[in-house]
Amino acid sequence: MPHKPDDRPNIIVMLMDNLGYGDLECYGSQRHRTPNLDRMAREGMRFTSFYSTSGVCTPSRASLMTGCYPRRVNLHCSGEKRPVLFPGDAKGLHPDEVTMADILRDQGYATACVGKWHLGDQPPFLPTRHGFDEFFGAPYSEDMVPNAGRGKHWPPLPLMRNETVIEAPPDRDLLTRRYTDAAIDFIRRRSNQPFFLYLPQAMPGSSAQPFVSPPFRGRSANGIYGDCVEELDASAGEILETLTQLGLDDRTLVIWTSDNGAVRHEPMQGSNAPLRGWGYDTSEGGQRMPMIARWPGRIPGGIVRDDVATMMDLLPTAAGLAGTTVPTDRIIDGHDLAPALFSDKPAASPYDKCGFFYYHIHQLQAVRCGPWKLYLPLERKLEGLSGDLSKGIPAEARLFNLNEDLHEDRELAARHPEIVARLTKLADTARRELGDEDRPGSDQRPAGWVDQPTPRVLS
């Protein structure tokens, strides 16, 4: 239900990159010290079944911004059908899509994106064309640099202010520090009106080793990855302290989460424990995210919720808090989280009826409804970040009760054929509406395209 205009909160969404479910102390980590996020969880609400819509970053960020499944807005893959957008891609978020920033700016909010965008680096796709008054950051991942694998033609990483490249390359060790400073500067400058700050940090990132500023190097018990996590925790602490200093604590909703799970490295860096799997796939470890929501005086403190929620829910939640509704001229897949956020009582999840769908690039691979997750039988299964086909071995249907078997050790398909049939029916609905592999969906919308894309370079 929309709130009254004088009750509108500031909204801050902090999004990490490739940070795992088990990387925070309040989610079980014994290797990282995260006192600021642990305090945020004590003072707010911690979700344990909060999902990204993809195991990779472009699709999940598209969902956060639009409230839709990636296939709905055709950002489940790049213009070259890769899992994410790369520098100079002709594809991006369609100019006609309505983003969370569009909705909030229309309600009088000041809006800023600080950090990693990754929804297109061409002018029509930049944050400033999608509802943000200000942008300071990089248009894509920190690992997309010259001589990086297939990207030898890529330019130096561009750091942008609004639509202009101001540095190329920036010192990646200082990105977390600089993004934190820019976020705090925006909060201070815009504290006299409602504001929306989207802070998609670049770290831990996609590089073989994360980047971290000198004061945090060597501080953790988990090498440079742990140093990076602890710097991100300190960043969140600085932002919360800024809200306190400005008297904005009880007027600000803060959400902290990650775009997808920690990816597998040897030796191991991040952790998705106690979940099975890694980022870049449709496992629980790939798509179930830590999520903390804090708003003193409104969100009850110390609450842990296990009902299913997703990144798509942030847009309708923000719209309601700003005193408006979601667009009515298009399908929005997300649901308003207000009933869950503002109560200490159990709340039913809308996904218990409609299901939640796990896509890897363009292939539907699994569906969750209530406690049940069904991995669908597939003749050809797409795997890995490159979307390679499995080696000719058909994938069988596998069913797990996630409430009783979080690590997915006990397969139950043969024992519950009626549940397999019910979840398969939900999957068939998703295939019709959203599509599957090369089959378009009946309710998909187009992505944006440009004819002659050019990389962002320092002029």
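The values are calculated or read from the model by the stated rules, or taken from the named source; none is laboratory data. Just so it is clear, the model here is predicted, and its values are computed rather than measured. We place every Cβ from the backbone using ideal geometry, glycine too, and count neighbours over all the protein chains shown.
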Q. Across the range 365-389, what is the total count of residues that are part of a loop (DSSP other than H, G, I, E, B) and either surrounded by fewer than 19 Cβ atoms within 10 Å (Cβ to Cβ) or at pLDDT 95 or above (or both)?
A. 10
Q: Looking at (1) closer than 24 Å to residue 59 by Cα; (2) touching a Leu at 6+ places or on another chain (Cβ under 7 Å); (3) not in a helix (DSSP H, G or I), find the lone condition where residue 427 falls short.
A: (3)
Q.
For the range 107-114, check the following and say yes or no: at least one residue is surrounded by fewer than 24 Cβ atoms within 10 Å (Cβ to Cβ) and outside any loop (DSSP other than H, G, I, E, B).
A. yes
(Q) Condition first: more than 26 Å from residue 183 (Cα to Cα) and among the small types (Gly, Ala, Ser). Now tell me which residues in the range 69-116 satisfy that. (A) 78, 79, 88, 90
(Q) One residue is enough: does the range 87-100 have a residue meeting the conditions among the hydrophobic types (A, V, I, L, M, F, W, C), part of a helix (DSSP H, G or I), touching a strand residue (DSSP E or B) at 6+ places or on another chain (Cβ under 8 Å) and modelled with pLDDT of 95 or more? (A) yes
Q: Provide a single number: the residues in the range 444-459 that are part of a loop (DSSP other than H, G, I, E, B) and surrounded by 13 or more Cβ atoms within 10 Å (Cβ to Cβ).
A: 8
Q) Which one of these does residue 42 not meet: (1) crowded, with 22+ Cβ neighbours inside 10 Å; (2) in a helix (DSSP H, G or I)? A) (1)
Q. Could you list, in sequence order, the residues of the range 115-135 that are part of a strand (DSSP E or B) and buried (at least 22 other Cβ atoms within 10 Å of the Cβ)?
A. 115, 116, 135
(Q) Pairs needed: first member in the range 434-450, free of Cβ contacts under 8 Å to residues at least 24 places away in the same chain; second member anywhere, in a strand (DSSP E or B); C-beta distance under 9 Å; at least 6 residues apart or different chains. (A) 442/435
